[in-house]
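Participant: First the structure, then my questions, so here it is.
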Amino acid sequence: MTMQIQAANKPMFPNANRRAFKPKPACGIRGLLLPLALPLLVFSAAGQPAAGKPPPAPPNIIVILTDDQGYHDVGFNGCRDIPTPNLDSIAANGVRFPNGYVSYSVCSPSRAGLLTGRYEQRFGHERNPRFEPENPRSGLPLSESTLADVLGRVGYQSGIIGKWHLGAHPDLHPLNRGFNGFFGMLGGGHRYFPEELTLKTTGDAGDEAASYRLQILRDHTPVRTTQYLTDEFSDEAVRFVERHKDRPFFLYLAYNAPHTPLQATEKYLGRFPNIKNPKRRTYAAMVSAVDDGVGRLLAKLREQGIEENTLVFYLSDNGGPTDANASNNDPLRGSKGTPWEGGWRVPFAAQWPGHLPQGRVYEPPVTSLDIFATAAALAAAPVDPSRPLDGVNLVPFLTGEQTGVPHETIYLRMYDRGAFAVRSGAFKLVIPQSGSAPQLFNLAADAGESSDLAGAHPEQLARLEERRAAWNTQLVAPVFDGLLSPKQRSKTATPAEEVDP
Ligand code: CA
């Protein structure tokens, strides 16, 4: 923990003066004054500009999150049947992370980690919540701050477009979690054709499946959309950039594609006459629609002249559920909802022209938790020391200003399944489910986790097991029910809720 806290608070610039946060107008926030609040007095600075230099402008932050996209299903990871030139351009213009992880292998916990910069197992967000608009505990605990909360304190405007999935109760609504604008849905997925969005008010949806038919919300108001949903979100993202181009912004573009239901329009299906598997063909069309939208968004950044002042992250929220949506996690083992690499290692890239190297492949493991720490450091945004981050600012590692690796160890726990994964260097410990013996793999030689080395390297197994046990003592049990009742959960080793949504 101590190491993690220090790393999270490392200044962005090596010559920066380490000093306690003092309430004053934020440096370089383009004339915006820092809204002061008494609790900030105890916060520490996540990053400070170097003394004697003009303060750097805080960059805009865009996080493009896809849903259930397979590790292999992007051109920069080797995909050949689904062209993704625009997603590939992020890697070509910036950095590709072949060992990029999320913090959970299903949707909602992964998003809770991403938006808090903390292992969600620390605060009990370890299940997909039920769609319960009347239950304020069914979602991201109010004890946690989101990246939008933190960036908002230094003048950023934050918008979320797409899937929230961190609670349907009004207290948990994005506008109460730091975001200034919302265009999307509160639940864990959605139908894509506008004529199928027949339910108007949140109360009309009695459960998660019904919530897929709710009209899209603009802030709190249901609106009648007219386009294929992925296109709606892409257009809204372009408009968001147009509206916010003159001030620092955080855009969280959380596509629900290519999560089920598998639905696409002829415009995109027609691009894949050679894919014979109808599931894979529709999945390909859904990914292609996302890629088109990302292309429009990136073009808008260039058109507005803010490409070099905008850090863009792209990743999937978990590995592909290969049976459900015909995604492909090659060469990784397993899929969504598992502790195998195919569950939580995802397509992952970032660009920030002029600041990050171009076309670099960064091999050491990184995690979605690093996005929060990186953004907070670049914005010089104070982070509550009572909620220490698990991520680190990646920028100095990517530029070479800082040597070593961002993480000595990365962890996963899946409470209901009794599963764990611990990665340190090339080695990975896996406990597939409660009661099973720990297994050990050398991912450098065996990315597909086919050869258990537990017997051959007992010292490595013991080292990782010791870390797993120590980390586990820092975690709590889930604080809200998932989609299955405890009775249902006890009957299955792989709860259905962990597969879909
Ligand atoms: Ca997902």
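The values are calculated or read from the model by the stated rules, or taken from the named source; none is laboratory data. All values reported here derive from a predicted model rather than from experimental measurement. Ideal geometry is used to build each Cβ from the backbone, glycine not excepted, and the neighbour counts take in all protein chains shown. Accessible surface is based on the protein model in full, side chains and every heavy atom, while ligands, DNA and RNA are left aside. Shrake-Rupley method; radii C 1.70, N 1.55, O 1.52, S 1.80 Å.
Participant: Mind checking which of L262, G124, N277 is farthest towards the positive end of the chain's charge dipole, using Cβ charges of +1 (Lys, Arg) and -1 (Asp, Glu) about the Cα centre?
Facilitator: Of the listed residues, the answer is G124.
Participant: Continuing with this model, one more query. Highest mean first, how do 411-422, 297-308, 80-91 rank when packing is the count of other Cβ atoms within 10 Å averaged over residues? Intermediate results must be reported in sequence, preceding the final value.
Facilitator: On the way: 411-422: 22.8, 297-308: 16.2, 80-91: 19.7.
Packing order, densest peptide first, comes out as 411-422, 80-91, 297-308.
Participant: Report the antiparallel proportion of the DSSP beta bridges in the chain as a percent, rounded to a multiple of 5.
Facilitator: Details: 29 of 57 bridges.
The antiparallel proportion sits near 50 percent.
Participant: Using protein chains only and a probe of 1.4 angstrom, how many square angstrom of V223 are accessible, to the nearest 10?
Facilitator: 40 Å²
Participant: Calculate the all-directions average of the projected area of segment 94-243's alpha-carbon convex hull, and give it in nm².
Facilitator: Values: hull surface 39.3 nm².
Directional mean of the projected Cα hull area for segment 94-243 stands at 9.8 nm².
Participant: Could you tally the net charge around S234, taking each other residue with its Cβ under 12 Å from the Cβ of S234, Lys/Arg +1 and Asp/Glu -1?
Facilitator: Working: positive: R239, R296, K300; negative: D231, E232, D235, E236, D291, D292.
My count for the surroundings of S234 gives -3.
Participant: A further question on this structure: So, with +1 on the Cβ of K and R and -1 on the Cβ of D and E, and no other charges, what is the size of the charge dipole of the chain about its Cα centre, to the nearest 20 debye?
Facilitator: On the way: 51 positive and 51 negative charges, 188 e Å.
Computed charge dipole of the chain: roughly 900 debye.
Participant: Around G167, which amide H atoms from residues at least 5 apart in sequence, or from another chain, sit under 5 Å from its own amide H, with H modelled in the peptide plane?
Facilitator: When sequence neighbours closer than 5 places are left aside, the close amide H contacts are L140.
Participant: Give me, ordered by chain and number, the residues 5 or more places off G94 or on other chains with an amide H under 5 Å from its own placed amide H.
Facilitator: Amide H neighbours of G94: G359, R360.
Participant: Ok, one more. Using just the alpha carbons, could you tell me how many Å³ per residue the convex hull of the chain encloses?
Facilitator: Details: hull volume 68.8 nm³, N = 501.
Per residue, the Cα convex hull of the chain comes to 137 Å³.
Participant: While we're on this one: Roll a 1.4 Å probe over the protein chains and send me the accessible area per residue for segment 337-489 in Å².
Facilitator: Working: 5280 Å² over 153 residues.
It amounts to 35 Å² per residue over segment 337-489.
Participant: Using a simple spin-label model with points 7 Å from Cα along the Cα→Cβ vector, what separation in nm is obtained for D204 and E466?
Facilitator: Using points 7 Å along Cα→Cβ, the separation is 5.9 nm.
Participant: Based on DSSP H runs of at least 4 residues, each adding -39500 (n - 2.57), what is the mean residue ellipticity at 222 nm of the chain after dividing by all its residues, to the nearest 500 deg cm²/dmol? Write down the numbers at each step before the final one.
Facilitator: On the way: 14 runs with 125 residues, N = 501.
It comes out at -7000 deg cm²/dmol, rounded to the nearest 500.
Participant: While we're looking at this one, here's another question. Leaving out ligands, DNA and RNA, what percent of the accessible area of the chain is carbon and sulfur, probe 1.4 Å? Before the final figure, lay out the partial values.
Facilitator: Working: 9210 of 17680 Å².
On the chain, the fraction of accessible area on carbon and sulfur atoms equals 52 percent.
Participant: Roughly how many whole Å is it from the C-alpha centroid of segment 288-305 to that of segment 146-222?
Facilitator: 23 Å
Participant: A further question follows. Just in segment 397-464: which GluC sites (Glu not before Pro) are loop by DSSP and have at most 12 other Cβ atoms within 10 Å?
Facilitator: Working: sites: E401, E408, E449, E459; in loops: E401, E408, E449.
Answer in residue order: E401.
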